[in-house]
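The values are calculated or read from the model by the stated rules, or taken from the named source; none is laboratory data. Keep in mind the model is a prediction, meaning the values are calculated, not measured. So basically every Cβ, Gly included, is an ideal-geometry build from the backbone, and we count neighbours across all protein chains shown.
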């Protein structure tokens, strides 16, 4: 699990540009990593987003782009890049991507979708809500107000398919991961892990503190696209009653 | 898991290399064919028989309607592949026909097969052929696995740096399609390192704090935050997939340049095989 530094709300109107060329390193023989920084902050994150946008469709050998907190990983087929007697596919593709990223300064500000996620913060759907409150010296109502009052940014999709890592948690809600992970966290559970918050798309083991649950399908393999959220989305949580949760969950 | 074996088995029956095949781990099923077709076996040797007559890996044979193909226990290797002309008819999910067991989607109803399941085949006009893959083209699998250095490999302490490439590592019983845990050498970094989660890939060798490295396989998570010791060369991923729990595994260093060269050579060989085996000739 990653650690966060509680990056603030995204600076919507500013794209922080690279001062120096991105650093490209191999990740095995069929992937490479474009490194864009060594910390989690909104400036680095904007560079991740701009890089994703810039590399999308940039080369026929690219199979998939994966955003990290401070990097973009490019999965590729070396056979499509081809090789020469002089250069490996890695060297050839790296050079092509460096050229593609060279004129970063022209990157336009990026559009962010705003997605509202209904969450029921009560009873057995929120087993760790009281723990988070006690740690912070807050009532559960105050915890809910802080959690729903913030704007979050999807910084990464990972762990299990569709799992959004959200930055923007109020510092008062920062809560370390549970000492002993649960063997099963139900799908839709909204958790706090350190300085981040996220949503479990499917029932899996998990160590984050569960403060509520959404009736929305965060990941549905039969839907196009399967993942509800994508990197760069702005997320807001809205509290709903248990009755509303049950109605939406059974709809 | 052994993608290379599945690709060759598909080529032997005239399929596209990414047609859906059946994968068996350690023990296989008995399959009753309700229509005539052509099948090929790839990967490990599971002592397969067709109506009592043995069928070796890397062979394709025609089956009559009513024939039974039986796979037994793994006698060599860990995973066997059954390719059937036309391919198993399962939907494309996220660009793949594979089953993702942890997510319960993909493949056949997102689950492993059970006795009594009926699978549909894609219609295809396949000549009734018998084929055997030349021995020189059959993948050779050993316990030596070539490893490209990972970013944090230089941070291992001296003892661990040696132990990574020494005899003594073996595949743990706590291994699955997501990853192989390797036991036998508690590896340690000279000092703890703070990592930001970033992408990982099949073949990535991670080092969690326990000191037992994890070799990520087909169902790996997309991102990870543990130090990365290396990446298995793609051409050796099939060999890893054929290792069983308890098997020794011995890493041998390889450069990125050589690993990519071997990959390109293998792809050229497969392309040649594809031309030779394509229907019609």
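Looking only at region B:81-110, count how many residues are away from chain A (no Cβ under 13 Å) and either touching a helix residue (DSSP H, G or I) at 6+ places or on another chain (Cβ under 8 Å) or not in a strand (DSSP E or B) (or both).
8
Does region A:45-58 contain at least one residue that is more than 14 Å from chain B (Cβ to nearest Cβ), at pLDDT 95 or above and surrounded by fewer than 17 Cβ atoms within 10 Å (Cβ to Cβ)?
Scanning region A:45-58 turns up no residue that is more than 14 Å from chain B (Cβ to nearest Cβ), at pLDDT 95 or above and surrounded by fewer than 17 Cβ atoms within 10 Å (Cβ to Cβ).
Considering only region B:225-236, how many residues are under 21 Å from residue A:63 (Cα atoms) and either facing chain A (nearest Cβ under 7 Å) or surrounded by 24 or more Cβ atoms within 10 Å (Cβ to Cβ) (or both)?
So the count comes out to 4.
Scan region B:240-259 and give yes if some residue there is under 24 Å from residue B:136 (Cα atoms), more than 16 Å from the chain's Cα centre (by Cα), facing another protein chain (nearest Cβ under 8 Å) and buried (at least 19 other Cβ atoms within 10 Å of the Cβ), otherwise no.
Yes; the residues of region B:240-259 include at least one that is under 24 Å from residue B:136 (Cα atoms), more than 16 Å from the chain's Cα centre (by Cα), facing another protein chain (nearest Cβ under 8 Å) and buried (at least 19 other Cβ atoms within 10 Å of the Cβ).
In region A:33-44, which residues are more than 10 Å from chain B (Cβ to nearest Cβ) and within 27 Å of residue A:78 (Cα to Cα)?
Answer for region A:33-44, where residues must be more than 10 Å from chain B (Cβ to nearest Cβ) and within 27 Å of residue A:78 (Cα to Cα): A:34, A:36.
Return the residues of region A:61-92 that are within 7 Å of chain B (Cβ to nearest Cβ) and not in a helix (DSSP H, G or I); say none if nothing qualifies.
A:66, A:68, A:69, A:70, A:71, A:73, A:75, A:83, A:88
For region B:179-217: of the residues being within 17 Å of the chain's Cα centre (by Cα) and away from chain A (no Cβ under 11 Å), which is surrounded by the fewest Cβ atoms within 10 Å (Cβ to Cβ)?
Result: B:181.
Quick check, is residue A:214 at pLDDT 95 or above, within 28 Å of residue A:247 (Cβ to Cβ) and more than 14 Å from every other protein chain (Cβ to nearest Cβ)?
yes
Of the numbered conditions (1) surrounded by fewer than 23 Cβ atoms within 10 Å (Cβ to Cβ); (2) at negative phi, residue B:19 satisfies every one except a single condition; which is it?
Of the numbered conditions (1) surrounded by fewer than 23 Cβ atoms within 10 Å (Cβ to Cβ); (2) at negative phi, the odd one out for residue B:19 is (1).
Tally time: how many residues in region B:94-106 are under 17 Å from residue B:16 (Cα atoms) and either in contact (Cβ under 8 Å) with a residue 24 or more places away in the chain or surrounded by 12 or more Cβ atoms within 10 Å (Cβ to Cβ) (or both)?
Residues that pass the stated criteria total 3.
Looking at B:66, B:28, B:14 in this structure, which one is in contact with a strand residue (DSSP E or B) (Cβ under 7 Å, 6 or more places away or on another chain) and in contact (Cβ under 8 Å) with a residue 12 or more places away in the chain?
The conditions single out B:28.
Among B:274, B:174, which is the only one that is in a helix (DSSP H, G or I), surrounded by fewer than 17 Cβ atoms within 10 Å (Cβ to Cβ) and over 16 Å from the mean Cα position of the chain (by Cα)?
Just one listed residue meets the conditions, B:274.
Residues being out of contact with any helix residue (DSSP H, G or I) (no Cβ under 9 Å at 6 or more places or on another chain) and either free of Cβ contacts under 8 Å to residues at least 12 places away in the same chain or away from chain B (no Cβ under 12 Å) (or both): count how many of those fall in region A:201-211.
Residues that pass the stated criteria total 3.
How about region A:227-245: which of its residues are more than 15 Å from the chain's Cα centre (by Cα) and surrounded by 13 or more Cβ atoms within 10 Å (Cβ to Cβ)?
A:237, A:239, A:240, A:242, A:244, A:245
Within region A:161-191, which residues are under 20 Å from residue B:221 (Cβ atoms) and touching a helix residue (DSSP H, G or I) at 6+ places or on another chain (Cβ under 7 Å)?
Residue satisfying the conditions is A:161 alone.
If I ask for residues that are crowded, with 18+ Cβ neighbours inside 10 Å and within 18 Å of the chain's Cα centre (by Cα), which ones from region B:134-163 would you list?
B:139, B:141, B:145, B:146, B:147
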